[in-house]
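J.: Sharing a structure with you now.
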C-alpha cells in the first residue's frame, strides 16, 4: 500500500508537507498546482511552490515530492513538465480535478473532464516530453456534471501513456459533499490497466479499509482527512491510535514557529485558523481554541492562546 498526500491549494504547502511527513505513513507528496497558461515558468516559480527541489525533491525526512501542473495547452505543459523534472521533481502530476470556478472558467482543472480528447492531448504531450524513467501521473474526478465520461476519460489518460491515475470519487458538481463513490473506481479499474489511487472521504482507518474494498484499489491519497487527524496515514498503514490532543497542540506550536519565523509569517493567522477548522472535525478542543483565537490578528497573541 502506498499513501500519497494530496495537493490542497492554499493549504498543503511545504511547511505542512514537512510536518505531516515527519509524523509518518506517507510515501509521496504532490504539490499545490503550478498554473500553466502560455509560458515556460522561470525556475523560481517551481522553487517557490516546491522548496524541496533545493534538496533533491525530498521533504526533510526524505519523502519524495512531485510537482503538479494545471493548464490546457499541451505544448506549454510539456515544457514546464520538463523543467520540473530537470529541477528534481519526482515525476509530474497533471491536475484535471480542481473544481474552482476561476480555474474552470479559464479551461483548467475539472472542466477538461468534458473533453476526453483534451485529456489525451495534454497527457500525451507531457509523456512524450518527460524521460520514460520518470512518472507522469494525473488526477481526475468522476466527471464534471455527471459520470457519463468517467470510463472514457480514464481510458484517454491511459492511452496517452500516463503512469498512474488518482481518482477523486466525486464529480465537480458533487464538490466535497459526502459520500464519495468508491465503487466507481472499481468500475474504472475493470475497464483499464493503469494503476489507480483512490481519493475522497477518507477520514479514519476504517474509511480507508472500506474504500480499498469498494474501489478494489490498495493505494490511497489523503487530503482533508490528514488535516483533521494529523496521523491518519500512520493509523491506516501502521495501525497507530489516533493522535491525542496534547500531541496535536504541540504540532500547532511547532507549525506556528514555522509560519511566524518562516517566509509566510504574514499569512499565519489565517493559516492556523484554517487548520483548526479541519481539526474541529476530530477534536472538541479545536472548537474551543478556534473560538478563542477567531478574532485575533496578531501572531504572538494567537501563539499565546495555543500554548496556554
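The values are calculated or read from the model by the stated rules, or taken from the named source; none is laboratory data. Since this is a predicted model, take the numbers as computed values, not measurements. Because the Cβ atoms are built from the backbone with ideal geometry, glycine has one as well, and the counts that use them run over all protein chains shown.
J.: Filter the stretch 175-201 for residues that are in a loop (DSSP other than H, G, I, E, B), out of contact with any strand residue (DSSP E or B) (no Cβ under 7 Å at 6 or more places or on another chain) and touching a residue at least 24 places away in the same chain (Cβ under 8 Å) and give the result.
T.: Hits for the stretch 175-201 are 175, 176, 180, 181, 192, 193, 201.
J.: Is there a residue in the stretch 21-29 that is over 16 Å from the mean Cα position of the chain (by Cα), within 16 Å of residue 130 (Cβ to Cβ) and surrounded by 17 or more Cβ atoms within 10 Å (Cβ to Cβ)?
T.: no
J.: Would you confirm whether or not the stretch 171-178 contains a residue that is under 28 Å from residue 75 (Cβ atoms), surrounded by fewer than 21 Cβ atoms within 10 Å (Cβ to Cβ) and either touching a helix residue (DSSP H, G or I) at 6+ places or on another chain (Cβ under 6 Å) or modelled with pLDDT of 95 or more (or both)?
T.: No, there is no match, as no residue in the stretch 171-178 is under 28 Å from residue 75 (Cβ atoms), surrounded by fewer than 21 Cβ atoms within 10 Å (Cβ to Cβ) and either touching a helix residue (DSSP H, G or I) at 6+ places or on another chain (Cβ under 6 Å) or modelled with pLDDT of 95 or more (or both).
J.: If you don't mind, another one. Exactly one condition in (1) in contact (Cβ under 8 Å) with a residue 40 or more places away in the chain; (2) surrounded by fewer than 20 Cβ atoms within 10 Å (Cβ to Cβ); (3) touching a helix residue (DSSP H, G or I) at 6+ places or on another chain (Cβ under 8 Å) is not met by residue 155; state its number.
T.: (1)
J.: For residue 298, indicate whether it is exposed (fewer than 13 other Cβ atoms within 10 Å of the Cβ) and either in contact with a helix residue (DSSP H, G or I) (Cβ under 9 Å, 6 or more places away or on another chain) or assigned by TED's automatic domain parsing to the domain that holds residue 11 (or both).
T.: yes
J.: Just a yes or no: is a residue in the stretch 242-251 under 24 Å from the mean Cα position of the chain (by Cα) and more than 21 Å from residue 15 (Cβ to Cβ)?
T.: Looking through the stretch 242-251, at least one residue is under 24 Å from the mean Cα position of the chain (by Cα) and more than 21 Å from residue 15 (Cβ to Cβ).
J.: Filtering the stretch 62-76 down to residues that are more than 14 Å from the chain's Cα centre (by Cα) and within 15 Å of residue 139 (Cα to Cα), which residue is surrounded by the most Cβ atoms within 10 Å (Cβ to Cβ)?
T.: Within the stretch 62-76, the match that is surrounded by the most Cβ atoms within 10 Å (Cβ to Cβ) is 71.
J.: Still on this structure, I have one more. Which helices (runs of 4 or more DSSP H) sit wholly inside the stretch 205-257 and have at least 2 residues that are under 14 Å from residue 180 (Cβ atoms) and in contact (Cβ under 8 Å) with a residue 12 or more places away in the chain?
T.: Once the helices (runs of 4 or more DSSP H) in the stretch 205-257 are filtered for at least 2 residues that are under 14 Å from residue 180 (Cβ atoms) and in contact (Cβ under 8 Å) with a residue 12 or more places away in the chain, what remains is 205-215, 224-228.
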